[in-house]
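Working notes, structure below.
The values are calculated or read from the model by the stated rules, or taken from the named source; none is laboratory data. Computed from a predicted model, the values in this text were never measured in an experiment. When we count neighbours, we look across all protein chains shown, and the Cβ atoms used for this are built from the backbone with ideal geometry, even at glycine. Heavy atoms of the whole protein, side chains included, go into the accessibility calculation; ligands, DNA and RNA do not. Shrake-Rupley method; radii C 1.70, N 1.55, O 1.52, S 1.80 Å.
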Amino acid sequence: MSRPVSRATVVTAIVRKDLAEYASDRLWAFLTVMVLVVVIGMFWILPDNVNETITVGVSGLDQPGALADLEASEEGLVAVPFASADDLRAVVAGDADAWTVDGETVVVDRGSDASAPAGAEQADVSIGLAFPPDFIQSAAAGQTTQATVYVDAAVPDEIKGAMSSLVREIAFAVVGEDFPVDTTSPTEVFVVLGEDRVGNQASARDAFRPIFVFLILMMELFVMASLIAKEIQERTVTAVLVTPATVGDVLAAKGITGALSGLVQAVIVLVAIDSLSPHPVLILTLMLLGSVLISGTAMIVGSTGKDFMSTLFYGMAYMIPLLIPAFAALFPGTASAWVQVLPSYPLVRGLVDVTTYGAGWSETLPELAALFAWCVGLFGLGWIVLRRKVQTL
């Protein structure tokens, strides 16, 4: 009399079979390794520094110490002196390059044979303030004077307006009078909507971190969906059900295989891009929930697709909405309401807060709760859809 087989043993055997099929599929095995290598390589290529300063070219302001006072009065402003307005205009327009050395600026026309001076540092000037030669005297005498603001076409409108206000502020400073608007009396002058990241901006490497990690999970969505669709098409599931395995065992194994493979690959990427600190357990919890989320989605896609192309099409249809929160993380500020209701938003938000800004369990608790709810919903829906598909074979 044979001993009854436990459910755990059956599920483990099916998981081993699924992992073996995964490894034996040359196409998906190659694509998985390639994506891992590309993602890790791209991460380390991206710059890791953040420039929160605005470089402004200034010409015609020859008063000693005027540029130093200008920089001191405006936080994050770097003033670069120019000998003439023509040189300043050429640099802002992109027809020439500006190089600073020993407090002086050398302008080199692009395409010319001239080279930058030894030891010079290039100045990225996209805004220019050209003052007339008599600006200081005219302003001191109370006469009307005019300054020209040169801006690159890519400069935001709010920066253009700030430069115009800066010219007026400089004029009042030269005269020795206070600016006619008092910004110190009100209790609150500036109200920052969303998260104030001034002084704590994320570098390009940090900004792309959630995208890179999420791409690995997206890759796992395609792999698992393809394997599920293949087993349905080839009736492998039917052959498994001839054994002591039940439909529940098959579904549980599929969920475990998808979550396990997604988590392992995500951990490989997190270790390779040095992103497991400062809260490794919290990050692993987020990735485990994210893997379960993708596993449930893969069940839905795999049950819907009938062949490779249809599975690829349905996979793209699900992947695009899930990727939107990851790309929204590239831009500062509060995400739109419709982005926040997407299933992947709590995962991306949690990854950004923990890996980039060092948030802990208490700060990430709302994202964990929302992500857990989405995992239960999508995994449950994937279970139901795949179960009905298997039962109709």
For the range 339-355, the count of residues that are polar (S, T, N, Q) and under 14 Å from Leu288 (Cα atoms) equals 1
Considering every residue within the range 280-303, establish whether at least one is over 20 Å from the mean Cα position of the chain (by Cα) and open to solvent by 70 Å² or more (accessible area, probe 1.4 Å). yes
Give the number of residues within the range 21-31 that are assigned to a helix (DSSP H, G or I) and either modelled with pLDDT of 85 or more or among the acidic types (Asp, Glu) (or both). 2
Here is a check on your reading of the model: is Ile283 part of a helix (DSSP H, G or I), among the β-branched types (Val, Ile, Thr) and touching a Lys or Arg at 6+ places or on another chain (Cβ under 8 Å)? no
Scope the range 355-393; condition under 13 Å from Gly248 (Cα atoms), of a type in the set (A, V, I, L, M, F, W, C) and in contact with a helix residue (DSSP H, G or I) (Cβ under 8 Å, 6 or more places away or on another chain); matching residues: Trp383, Val385, Leu386, Val390
So in the range 72-107, with the set limited to residues that are of a type in the set (A, V, I, L, M, F, W, C) and open to solvent by 70 Å² or more (accessible area, probe 1.4 Å), which one is modelled with the lowest pLDDT? Ala72
Residue hits (the range 355-365; touching a Pro at 6+ places or on another chain (Cβ under 8 Å) and either open to solvent by less than 20 Å² (accessible area, probe 1.4 Å) or in a helix (DSSP H, G or I) (or both)) are Thr355
Six or more apart or on different chains, Cβ atoms under 7 Å: show the pairs whose first residue is in the range 98-125 and over 19 Å from Thr55 (Cβ atoms) and without any contact (Cβ under 8 Å) to a residue 40 or more places away in the chain and whose second is open to solvent by 80 Å² or more (accessible area, probe 1.4 Å) and part of a loop (DSSP other than H, G, I, E, B). Asp109/Asp95
Flagged pairs (Cβ under 6 angstrom, 6 or more apart or on separate chains; first in the range 256-273, within 18 Å of Leu31 (Cα to Cα) and modelled with pLDDT of 85 or more; second open to solvent by 40 Å² or more (accessible area, probe 1.4 Å) and not β-branched (Val, Ile, Thr)) are Leu263/Leu288
Could you please let me know if Ala225 is of a type in the set (Gly, Ala, Ser) and touching a Gly at 6+ places or on another chain (Cβ under 9 Å)? yes
Out of everything in the range 327-346 that is modelled with pLDDT under 80 and part of a helix (DSSP H, G or I), what residue ends up being nearest to Glu363 (Cα to Cα)? Ala328
